[in-house]
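Asks: So that we are looking at the same thing, I have put the structure below in structure tokens.
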Amino acid sequence: MSMGTISLTRPYTRMTLPGVYRPQEDTRLLLRALYREGVGAGTELLDLGSGSGALAVGAARRGARVTAVDICWQAVLTTRVNAWLARQRLTVCRSDLTAAVRGRSFDVLVSNPPYVPAPGTRMPRGPARAWDAGRDGRLLVDRICDVAPRALRPGGVLLMVHSGLCGTEDTLERLTSAGLRASVSDRAVIPFGPVMRSRRAWLRWQGLLDEVQDTEELVIIRAENF
């Protein structure tokens, strides 16, 4: 496991449309974990919630055959443009998770879903859709855990990043119950960004933060379909 500042892996993106998540520390941490898996020629990879396309383009540069999906049309366009700028060929679909690839299976699933706990119960709109994930932060995390076993080939691997605030053990238990071998492969502690700082009082009221906490732990969940 690794702990500390993430600065070694640069995401391959040149532009991000308004409302699309810009690559940050969680993107770099996940990209580094993805490269450790040895993705390359012959690897079929699905990027769930591609956002800017940083992970999809990074995998394609290693030779993987990549399908990228996102429900946000701005993200789909951003991924396509960044793939074109990087001269990489991807299949990019507008889709709610695996709906557009139902019946297919992959060697690797990678995802940086929205995971920030947020007030309210409605689906977020606008830019917040890229990070807000319900009161417990698990609106998309749980759904990805549920679809992963059907979308992974035997021996296939899910790599997903999220904050420890939305329940690392909950994710491990859900994936294990679904029949996968799950563990935390990487950890990193980072300072709060603007979104976390803006709702620090609410997070404390929810019991998710202590009075002096100004950092969060990011975790990479690795789950294998054995």
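The values are calculated or read from the model by the stated rules, or taken from the named source; none is laboratory data. If you're wondering where the values come from, they're calculated on a predicted model, not measured in any experiment. Every residue, glycine as well, gets a Cβ built from its backbone with ideal geometry; the counts of neighbours run over all protein chains shown. Calculation scope for accessible area: heavy atoms of the full protein, side chains included, ligands and nucleic acids excluded. Shrake-Rupley method; radii C 1.70, N 1.55, O 1.52, S 1.80 Å.
Asks: Kindly evaluate Gly120 against the criterion of being among the small types (Gly, Ala, Ser), in a loop (DSSP other than H, G, I, E, B) and farther than 29 Å from Asp214 by Cα.
Replies: no
Asks: Looking at (1) more than 15 Å from the chain's Cα centre (by Cα); (2) at pLDDT below 90, which is the one condition that is false for Ala130?
Replies: (1)
Asks: Please go through segment 10-36 and give me each residue that is in a loop (DSSP other than H, G, I, E, B) and either within 11 Å of Leu55 (Cα to Cα) or at pLDDT 95 or above (or both), ordered by number.
Replies: Arg10, Pro11, Tyr12, Thr13, Pro23
Asks: Output the residues belonging to segment 160-208 that are at positive phi and surrounded by fewer than 16 Cβ atoms within 10 Å (Cβ to Cβ).
Replies: Gly179, Gly207
Asks: Regarding Arg153, is this residue in contact (Cβ under 8 Å) with a residue 60 or more places away in the chain, surrounded by fewer than 18 Cβ atoms within 10 Å (Cβ to Cβ) and touching a strand residue (DSSP E or B) at 6+ places or on another chain (Cβ under 7 Å)?
Replies: yes
Asks: Kindly provide the set of residues from segment 209-226 that are open to solvent by 40 Å² or more (accessible area, probe 1.4 Å) and within 21 Å of the chain's Cα centre (by Cα), ordered by number.
Replies: Thr215, Glu217, Arg222, Glu224
Asks: For the list (1) at pLDDT 95 or above; (2) surrounded by fewer than 18 Cβ atoms within 10 Å (Cβ to Cβ); (3) in contact with a helix residue (DSSP H, G or I) (Cβ under 9 Å, 6 or more places away or on another chain), I need the number of the one condition that Ala83 fails.
Replies: Every listed condition holds for Ala83 apart from (2).
Asks: Name the single residue, out of those in segment 86-114 being open to solvent by 50 Å² or more (accessible area, probe 1.4 Å) and among the small types (Gly, Ala, Ser), that is nearest to Pro127 (Cα to Cα).
Replies: Across segment 86-114, the extreme among qualifying residues is Ala100.
Asks: Could you tell me which of the residues Thr176, Thr168, Thr215 is closer than 17 Å to Pro117 by Cα, modelled with pLDDT of 95 or more and hydroxyl-bearing (Ser, Thr, Tyr)?
Replies: The match here is Thr168.
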